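To keep things clear, I will list the structure first and then write my remarks on it.
Any read-out appearing in this document is the output of simple, stated calculations on the displayed coordinates, not a laboratory observation. Predicted, not measured: the structure shown is a model, and the values here were computed from it. Using ideal geometry, Cβ is built from the backbone for each residue, glycine included, and neighbour counts are taken over all protein chains shown.
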Amino acid sequence: MITHWIDGKAEKSASGNTFDTINPWTQQKWEDVCEAGQAEVDAAVAAARAAFDDGPWPRMGFAERGAIIHRLADLIEEHIEELAHADTNDMGKPLSAMRVKDVPRAAQNFRFFADHARMSVAEAYPMDTGHHAYSRYEPAGVVAAIAPWNFPLMLETWKVAPALAWGNTVVLKPAEDTPASATIMARLATEAGVPDGVFNVIHGFGPNAAGEMLTHHPDIDRITFTGESNTGRKIAAAGAAGLVPVSLELGGKGANIVFEDADMDAAVSWSNKAIFTNAGQVCLAGSRLFVQSSIFDEFVERFVESAKAMVVGDPTSAATQIGPLASETHFTKVAGFFDDLHPDAKVLCGGVSGDGRWVVNPTVIVDAPLDARISCEEVFGPVVTIFPFDTEEEAIALANDTNYGLNAMLFSENARRTHRVAAALNAGTVWVNCFFVRDLRAPFGGVGWSGVGREGGNFSREFFTEPKAVVMEA
Ligand code: NAD
């Protein structure tokens, strides 16, 4: 049974309601999950409120708080197997990726934000009047964190770590498909010495359920949300109603531009990772691939070869690179794009596995019109559409012709061109000759339908604190 974690303890729901979490590879239930209603949302927010208003956490020095957060990072590393199996069972991500990437990165997020908060400096403003002004970054209060299912543990820590490091208290609602790792993380936080009430987890659904109740709760001070753009609109409305600041990390339809002067081996290899990592269930996926006409045929041939060579299958097997999609609902949504494919679109490889599994093989599509559904909408699966272009200007125009703007990639050995094109792309992150490489101090967020606000380093500090000016007579 996966329970809530409220005020430092495992808690079931007063109603006794539960729901199933399904392993998408076996297609069987692997655990019961307690389903929160208003009573659990209220209890979790009340615990977080009390811990913030009267508890030691916001009043602790950065070094003391940081030491506890580092202990939590140690415990996450010690429990790597339990956490890795939790997300793999919940959403089918290869276990190898959990061990090598997601769990270590979750620990790193805690370490980074603990150190960043401790090392942060505030500003001083010597004034012409002889007064002296300086800034302080006060903890914001109770943070409501709502997370998606594609990188459950890792993305939850991206919110929880800076919120805790800056002295806030948190109520986290993980996605309903991926509840397991959050409760483990909360248990480990208590074991590490995070005081009761500081980090709470409740499980349940979004609309007319725990998610909506949490974002509309009158006692929260921040909402940090990662998920779909349409849900983001509802969360923004909830924030507006309560005048609560909202950070939104939303969907994407990433452009990936390969110029004729690119290193072909690197471009093929990175472009493959950019769309097929995590079975394409990545907000940053490079799902619109633009390749210069002079190298189009060669690139497509090599790219298709690389897609066909990927190992698809049981996520617990060491060789597997692509597991099933995360749930039957999501599989049905992705499969719908194939049913609805534009007649001109040509599928060079991949498609729905057809064996009853919720699997989509790495799929490469050419000749789709630019305004076809597959070319414009976020598929959130291992499906890429490739288009030719002739000039740099055309590539920029094509890449920017989208409602989204989370990220873009470009491949070229011409340094002047890479800077010029990076500056011209409407995206929160531009990767040049690489993908997915992150500096946690750098801004992360999206343009347009991809989000509102930035997180990372000082950008997270801005969101998770109330910056204050103190002005003194000298
Ligand atoms: P989703 O919007 O369906 O759900 C996300 C979370 O919101 C879940 O916990 C859900 O229960 C909750 N929720 C749903 N409706 C709600 C409501 N009305 N009020 C409060 N909470 C509500 O998204 P998903 O399908 O879990 O995740 C996939 C999406 O997330 C994709 O669009 C992907 O691009 C995006 N994403 C973005 C980033 C980023 O950093 N920009 C990262 C990962 C995923």
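Observations
- Entries of K29/K93; K253/K273; K159/K234; K308/K346; K173/K468; K101/K308 with Cα pairs more than 22 Å apart: K173/K468; K101/K308
- Near I22, the amide H atoms lying under 5 Å from its own belong to W30; only residues 5 or more places off or on other chains count, and H is placed 1.01 Å from N.
- Applying both filters, DSSP loop and at most 14 other Cβ atoms within 10 Å, to the trypsin sites (Lys or Arg not before Pro) of the range 412-474 gives R438, R441.
- Rounded to 5, percent antiparallel among DSSP beta bridges of the chain: 45
- Backbone phi angles across the range 265-276, fed through the Karplus curve with coefficients 6.51, -1.76 and 1.60 (θ = phi - 60°), yield HN-Hα couplings of 4, 5, 5, 5, 5, 5, 5, 4, 4, 5, 10, 9 Hz in residue order; Gly and Pro are listed as x.
- Net +/- balance of residues flanking D74 in space, Cβ distance below 13 Å, scoring K and R +1, D and E -1: -1
- Projecting the Cα atoms of A279, V470, V45 onto the dipole axis of the chain, where Lys and Arg carry +1 and Asp and Glu carry -1 at the beta carbon, places V470 farthest toward the positive end.
- Cα-centre dipole for the chain with unit charges at Cβ (Lys and Arg positive, Asp and Glu negative), debye to 20: 640
- Rounded Å value of the spacing that divides the Cα centres of the range 283-333 and the range 62-124: 28
- Cα gyration tensor, the chain - rounded (a/c under 1.5), prolate or oblate: oblate
- ³J(HN,Hα) computed for each position of the range 47-57 - Karplus, 6.51 cos²θ - 1.76 cosθ + 1.60, integer Hz, glycine/proline x: 5, 5, 5, 5, 5, 7, 6, 10, x, x, 4
- Charge dipole (Cα centre; +1 on Lys/Arg Cβ, -1 on Asp/Glu Cβ; no other charges) of the range 245-311 amounts to roughly 400 debye.
- Among A255, V360, V421 the positive-end extreme of the charge dipole of the range 255-432 (Cβ point charges): V360
- Three-way shape call for the range 255-432 based on the alpha-carbon gyration tensor, with the a/c threshold at 1.5: prolate
- Nearby aspartates and glutamates by direct alpha-carbon distance to K9 (threshold 17 angstrom, same-chain neighbours under 8 apart not counted): E35, E40, D42, E191, D196
- Using a cutoff of 8 angstrom between alpha carbon atoms and counting only pairs six or more residues apart, the relative contact order for the range 255-432 works out to 28 percent.
- Overall form of the range 331-474 per C-alpha gyration tensor (a/c, 1.5; a/b vs b/c): prolate
- Rg over Rh for the range 167-286 works out to 1.10, using Cα positions for both radii and the Kirkwood form for Rh.
- Axis angle, to the nearest 10 degrees, between helix 328-339 and the longest C-alpha principal axis of the chain: 30 degrees.
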